[in-house]
Each structure stands twice: as C-alpha cells, then as structure tokens.
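Enquirer: Provided herewith is a single structure, encoded as structure tokens, for subsequent inquiry.
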Amino acid sequence: MTTILVIESSANGDSSVSGLLVKDALRDLLAAHPGARIIHRDLGASPVPHVTTANLAGVRGEPVTETEKATRTLSDTLVAELKAADIILMGVPMYNFSVPTVLRSWFDHVLRAGLTFSYTEAGPKGLLDGKRAIVIEARGGLYSEGPAQAIDFQEPYLRQLFGFTGITDVTFVHAEKIGFGPEARAAAIDGARAKLAGIIASLDSKAA
C-alpha cells in the first residue's frame with residue numbers, strides 16, 4: 001500500500017494557492033493509488049515548535065526535562081511519518097524569498113543523525129533514498145528565471161535539505177506571479193495544475 005505524506009506550510013488558510021494545489025494533487029494521487037494511506041501535517045494551522053534553548057536537547061542531545069522529552073517524542077513521530085512515506089507532497093509558499101519558518105522547524109525535527117542521515121568518513125550520507133517528493137511552490141513574483149532567480153532561497157534550500165536525507169527524486173512545480181493580479185493568479189494556478197497532472201501520471205507509469 002502506498003503511503004503519501006502531505007505537508008502544508010502556508011499561514012493563509014483557505015486562501016492559500018499552495019494549499020489549493022496540494023488538494024488538487026492529492027486528489028489525483030489518490031485516483032492513481034486507490035486505498036493509499038494519507039499522513040497529513042498542516043504546519044500553518046498546527047505548527048511544529050521552533051527549536052529553542054528549552055527544547056534543543058529533544059532533537060540534538062539527551063532529553064532530560066519534560067519539555068525536552070516531549071520534543072523528542074514529537075521528533076520521533078515526525079521522523080516515523082517521513083520514513084513511512086513513499087511519496088511526499090509538499091506545499092510551500094515563498095515568504096521573504098525563502099520558506100515559512102514552520103517548515104524550517106519541521107526539517108529541524110526530522111534531520112537527525114542516525115535516523116535520516118549518518119556521518120561517514122566520506123561525509124554525510126542520506127538514509128531515506130527511494131522516496132519521491134513533489135514540491136509545490138507558490139510565489140508572488142517570478143523567480144524561476146530572470147533577474148530575481150538570484151534571490152530564490154526557497155527551491156535551492158529545499159533541494160539541499162531533501163538531498164541531505166537521501167531524497168533526490170524531487171520535482172518542483174511553480175505557481176508564480178500570483179501577486180500580479182487576478183488573471184495572472186488564475187493563469188499560474190491553471191499552469192501548475194496541468195504540470196501536476198502530468199507529473200502524477202508519470203509517477204503512476206513508473207510504478208507500473
């Protein structure tokens with residue numbers, strides 16, 4: 001049975017473009033994988049706590065306090081969800097040229113030595129190979145090409161973090177220029193939907 005991990009990170013609720021496209025993609029994935037198990041994390045609505053002095057030992061060290069122990073339990077749960085996933089579907093709006101801090105916190109909890117990566121004599125090695133990720137990026141401007149591409153700290157960052165865990169089969173879908181007015185927003189959504197449909201159909205054919 002296919003397991004799909006859905007990660008949403010927008011603070012924009014029902015008005016989120018990335019959230020809308022995640023719902024569309026999930027519908028198509030379920031049509032291609034009937035009976036798939038869904039694990040859903042809406043980080044905008046239920047954020048993973050940021051790493052602080054009070055909880056750091058829960059993800060990097062030996063937990064002693066109740067706060068640290070609770071953090072370790074949460075981190076173990078998030079790592080287990082990621083390990084169980086065959087497909088990761090992630091919705092990511094661009095905030096200040098990068099990712100929402102709630103998504104950074106999720107990565108802070110799942111990037112753990114010995115669980116999702118290991119240190120070797122040749123350097124760090126990801127332990128989660130064999131998974132596929134589809135990342136939907138919603139952006140107010142145009143960052144995939146042109147002058148603003150130099151300040152895109154969203155996609156390179158995500159590619160690096162996924163790769164660090166061994167997840168290298170990552171496909172990015174852009175919904176760009178959504179801040180350029182209603183017509184541009186609608187065109188961006190339609191274009192992203194078409195790309196997602198093709199990607200999901202390709203995933204299904206590879207599985208077959």
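Just so you know, all these numbers are worked out from the coordinates, no wet-lab data involved. Predicted model, so just to flag it, every value in this text is computed and none were measured. All Cβ positions, even for glycine, are placed from backbone atoms using ideal geometry, and neighbour counts span all protein chains on display.
Enquirer: Could you pull out every one of the lysines with an alpha carbon less than 21 Å from that of residue 131, ignoring same-chain neighbours closer than 8 positions?
Expert: 23, 83, 195, 206
Enquirer: Okay, next question. For segment 3-207, with only Lys/Arg (+1) and Asp/Glu (-1) charged at the beta-carbon, what is the dipole magnitude about the Cα centre, in debye rounded to 20?
Expert: Dipole magnitude for segment 3-207 comes out near 180 debye.
Enquirer: I've got another one for you. For Cα pairs less than 8 Å apart in space and 6+ apart in sequence, what is the mean separation divided by the residue count of segment 3-207, i.e. the relative contact order in percent? Can you show the working numbers first?
Expert: On the way: 343 pairs, mean separation 46.4, N = 205.
Computed value for segment 3-207: 23 percent relative contact order.
Enquirer: I need the per residue convex hull volume for segment 3-207, using only the alpha carbons, in cubic angstrom as a whole number.
Expert: 133 Å³
Enquirer: Once you place label points 7 Å from the Cα toward the Cβ at residue 150 and residue 76, how far apart are they in nm?
Expert: Roughly 4.8 nm, to one decimal.
Enquirer: Can you tell me the equivalent ellipsoid semi-axes for segment 24-136? Use √(5λ) from the Cα gyration tensor, largest first, whole Å.
Expert: Values: eigenvalues 133, 66, 44 Å².
Output for segment 24-136: semi-axes of 26, 18, 15 Å.
Enquirer: Based solely on its DSSP helices, what 222 nm [θ] is calculated for the chain when runs of n ≥ 4 H residues each add -39,500 (n - 2.57) and the sum is averaged over all residues, nearest 500 deg cm²/dmol? Display every interim value, and only then the final one.
Expert: On the way: 5 runs with 81 residues, N = 208.
The per-residue figure over the chain is -13000 deg cm²/dmol.
Enquirer: Counting other beta carbons within 10 Å of each residue's own, what order do 199, 178 fall into, fewest first? Present the calculation step by step, with values, prior to reporting the outcome.
Expert: Details: 199 17, 178 22.
Going from least to most buried by this count: 199, 178.
Enquirer: Report the longest stretch of the chain that contains none of the GluC sites (Glu not before Pro) sitting in a DSSP loop with at most 16 other Cβ atoms within 10 Å.
Expert: Counting at most 16 other Cβ atoms within 10 Å as exposed, the longest clean stretch of the chain is 1-120.
Enquirer: Taking the Cα centroid of segment 134-150 and of segment 43-92, what is the distance between the two, rounded to the nearest whole Å?
Expert: Between the Cα centres of segment 134-150 and segment 43-92 lies a distance of 28 Å.
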